[in-house]
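Peer 1: Below you will find the structure I want to go over with you.
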Amino acid sequence: MGSASKKAWIGLAALQGGLALAAILILALTPPAFGRYLLVPLNGQPISDALLQQQLLDRRGPGPLPGSLIVDGHSAGVAETLRAHGILMLAAPALICGHIERTA
Amino acid sequence: MDELRKLRLHGVQLLTACGWVCTVALLGLALTFDLKNEALAVGASILMNALPTLSAMRRRYDLATSAIFGVNAAVQPALLVYLLQGHPWQMEGHMYFFVGLAALTLLCDWRPIAVAVAVIAAHHLLLGYVVPEWVFLGSGDLPRVLVHALAVSLVLGLLGPVMVRMGRLFVAQADARAESERSADSAFEALAAARVAEGNAEAERTKRQAAERLANADAHRDELLAIAATFESSVAHIVQSVASAAQQLEKAAHDMHRFAHEAGEQSASAASEAESASRNAVKVSTGVSELSHSITAIATDAGKQAELGETARSSSATGESVIRTLTERTSNIETFVGLIDSVASQTNLLALNASIESARAGDAGAGFAVVAAEVKALAEKARDAAGQITSLVSDVDAGADEADAAIGQVSRAMAELSEAAGRMRQEIEDQRTVAAMIERSAVENASGADLIAQRIGEVAKSASEAVLLSDEVQASSASLSRVADGLKAATSEFLTKLRAA
């Protein structure tokens, strides 16, 4: 009983670490109010330029995932519209997507 | 349960509470400063508090639990820094990493601190590359992340040995307490053994003393008998004396009670009589006072009477003088009447001569003769009137003499009456003086009677107290007599036992 309980608590400790990592990643990938974003198409279809122009997003280049794009713009109201088109809007990690030069 | 484990379980509960305080604080900050992504941050905080709460409810602490709390202590400040992203206070949020590390000292264990330091350093390095603006305001860089990692590592380097040392101290303290309790138990056992040994020694000593007493009993017996005889003679004499004295005292107390009772009754009677005498003296005083007032009224009337007598005597003297003057005037009237009578005689003689002359004249003197006859008649009438006046004057003179005699008698009577009134007033004055003396004497007698009654009342009170005192003396003497009897019996019993010993 003692050994099983100990193993269970070790698993719980690992779960706590996993939760912490997940929380940090989720918070890290949550799109900011403005800046660089990574657009990932969940349905595998390419993202049209018309949609980007409609949402006032500037294309910066291809993303690390197949069909993904790196764009600049604002996220207010945009993430919900893109999700309706099967596109996930994430914050662009600097390690992958490069730094954003802020002017203000 | 050892002291260190109790301390760590207590720390688990406190740190769980601190985790929930962090959740509430994050929510408060987000609402206050209108921060973005507050739902994600607060939800992550709640999620991270779940397993620590489970540990606190199960009262469990081990390596896994310490790791859970270490992760939570690193993640809660990270959520604060994330929530302050873009806010000027984002850098200040990093201070709470050190607060989290300090809070882990409540567990008195270096392992959760090491976990927290590892998580803090790792996620700073990771996020410094992935989302540098998430970590620092503006762009982050590796040196700054390394400085932070170094700082938290130094915290571990300082707090870790302290925790290890403190844990050892708790263990040593628990061992010392256990050892002390074992020593105390040993001491109690030794004390019980010593008491048993002391009891055995006391029993042995009692046996030895009994044997010694038996050995010395014959030697002391004769001496005890001699002491008993001496004691009996002296104590018996004393007891007899005390009993006799107690009986005499009881009799004296009885007599004193009787005398005091009689004295009380007589005092009460005397007090009653003294009160009656006082009331009578007051009545006498009142009567004498009224008599004095009456005498004063009589004296006043007598004075008035003397004054009236004096006035009457003065009036009678005045009447006497008037009557004397009247007598003198009567004498003068008699003189005048003599003159009138003389004039009437001469007139009669002249009328006779005229008649004679008229007769000589014949008819010529007839008329003259008539006048002469008339004159003669007038002279006769004047003589008659003078006679009548003389008779009246004589009557008046006689009446004046009688009045003078009567007034003289009245004057003398008035004088005697005034003299008698004066004597009576003097005597009444003397009587009033005597009455005032009697009144004062009666008042003094009444006061004296009151004082006597008061003194007699005090005597009666003293007699009553003497009765009570004599009762107490009688009771004490009876008690003394009983004590003497008891002493006599105890002495007899003591001597009997002493001789039998």
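Peer 1: Could you name the lysines in cross-link range of B:K488, using Cα to Cα under 23 Å and dropping any fewer than eight places away on the same chain?
Peer 2: By straight Cα distance, B:K488 reaches B:K251, B:K497.
Peer 1: Also, I was wondering about something else. Sort B:V410, B:V99 by Cβ crowding within 10 Å, fewest neighbours at the top. Intermediate results must be reported in sequence, preceding the final value.
Peer 2: Working: B:V410 17, B:V99 14.
Ascending Cβ contact count within 10 Å gives the list B:V99, B:V410.
Peer 1: Hey, what's the Cα Rg ratio for chain A versus the globular rule of thumb, 2.2 N^0.38 Å? Let's see the in-between values first.
Peer 2: Values: Rg = 18.4 Å, N = 104, 2.2 N^0.38 = 12.8 Å.
Expressed relative to 2.2 N^0.38 Å, the Cα Rg reads 1.43.
Peer 1: Using Stokes-Einstein with the Kirkwood hydrodynamic radius over Cα pairs, what translational diffusion coefficient do you get for the stretch B:186-325 at 37 °C and a viscosity of 0.692 mPa s, in µm²/s rounded to a whole number?
Peer 2: Values: Rh = 28.1 Å.
Translational diffusion coefficient: 117 µm²/s.
Peer 1: While we're on this one: Please give the per residue volume of the convex hull enclosing the alpha carbon atoms of the protein assembly as shown, rounded to a whole number of Å³. Don't skip to the end; give the middle numbers.
Peer 2: On the way: hull volume 394.1 nm³, N = 605.
For the protein assembly as shown, the hull spanned by Cα atoms encloses 651 Å³ per residue.
Peer 1: Mind checking the angle between helix B:63-83 and chain B's longest principal axis? C-alpha axes, 0 to 90 degrees, to the nearest 10.
Peer 2: 70
Peer 1: Now for a different question. Among B:D222, B:D109, A:D72, rank each residue by its count of other Cβ atoms within 10 Å, from fewest to most, as a rough exposure measure.
Peer 2: Details: B:D222 9, B:D109 25, A:D72 15.
The order, fewest Cβ neighbours first, is B:D222, A:D72, B:D109.
Peer 1: May I ask you to list the aspartates and glutamates whose Cα is less than 13 Å away from that of B:K283, ignoring any residue fewer than eight positions away on the same chain?
Peer 2: By straight Cα distance, B:K283 reaches B:E275, B:E439, B:E444.
Peer 1: Report the rotationally averaged projected area of the stretch B:306-451 based on its alpha-carbon convex hull, in square nanometres. Let's see the in-between values first.
Peer 2: Numbers: hull surface 45.4 nm².
So the Cα hull casts an average projection of 11.3 nm².
Peer 1: Now for a different question. Placing +1 at every Lys and Arg Cβ and -1 at every Asp and Glu Cβ, with all other atoms neutral, what dipole size does the protein assembly as shown have around its Cα centre, in debye to the nearest 20? If you can, show how the numbers build up before the last one.
Peer 2: Values: 49 positive and 65 negative charges, 1458 e Å.
Once rounded to the nearest 20, the dipole reads 7000 debye.
Peer 1: By how many degrees, between 0 and 90 and to the nearest 10, does the Cα long axis of helix B:3-33 differ from the longest principal axis of chain B?
Peer 2: In chain B, helix B:3-33 runs at an angle near 80 degrees to the longest axis.
Peer 1: Check A:G35: other-chain or 5+ apart residues with amide H under 5 Å from its amide H, H built from backbone geometry?
Peer 2: Close amide H contacts, sequence-distant or interchain: A:G73.
Peer 1: Could you list B:V147, B:V155 so that the one with the fewest beta carbons within 10 Å of its beta carbon is first and the one with the most is last?
Peer 2: On the way: B:V147 10, B:V155 19.
Fewest to most other Cβ atoms nearby, the residues stand as B:V147, B:V155.
Peer 1: A follow-up question, please. Take the alpha carbon atoms of the stretch A:1-63, find their center, do the same for the stretch B:94-121, and report the distance between the two centers in whole angstrom.
Peer 2: 27
Peer 1: Once the principal axes of the Cα atoms of the stretch B:36-103 are found, what is the range along each, listed largest first in whole angstroms?
Peer 2: If we take the Cα atoms of the stretch B:36-103, the spans are 40, 25, 13 Å.
Peer 1: So what does the Cα-only Debye profile of the stretch B:269-317 read at q = 0.24, 0.26 Å⁻¹, as log10 I(q)/I(0), no solvent term?
Peer 2: The computed values of log10 I(q)/I(0) come out as -0.82, -0.87.
Peer 1: Considering amide H positions built from the backbone, and no H for Pro or chain starts, which residues 5 or more places from A:R60, or on another chain, come under 5 Å of its amide H?
Peer 2: Excluding prolines and chain starts, which carry no amide H, the hits are A:I70, A:V71, A:D72.
Peer 1: Let me ask something additional. Give me the orientation-averaged projected area of the Cα convex hull of chain B, in nm², one decimal. Write out the running numbers ahead of the final one.
Peer 2: Details: hull surface 365.2 nm².
The number I arrive at for chain B is 91.3 nm².
The numbers here are math on the coordinates, done by the rules we state, and not lab data. Since we're looking at a predicted model, the values are computed, not measured. In this analysis, Cβ positions are derived from the backbone assuming ideal geometry, glycine residues included, and neighbour counts consider all displayed protein chains.
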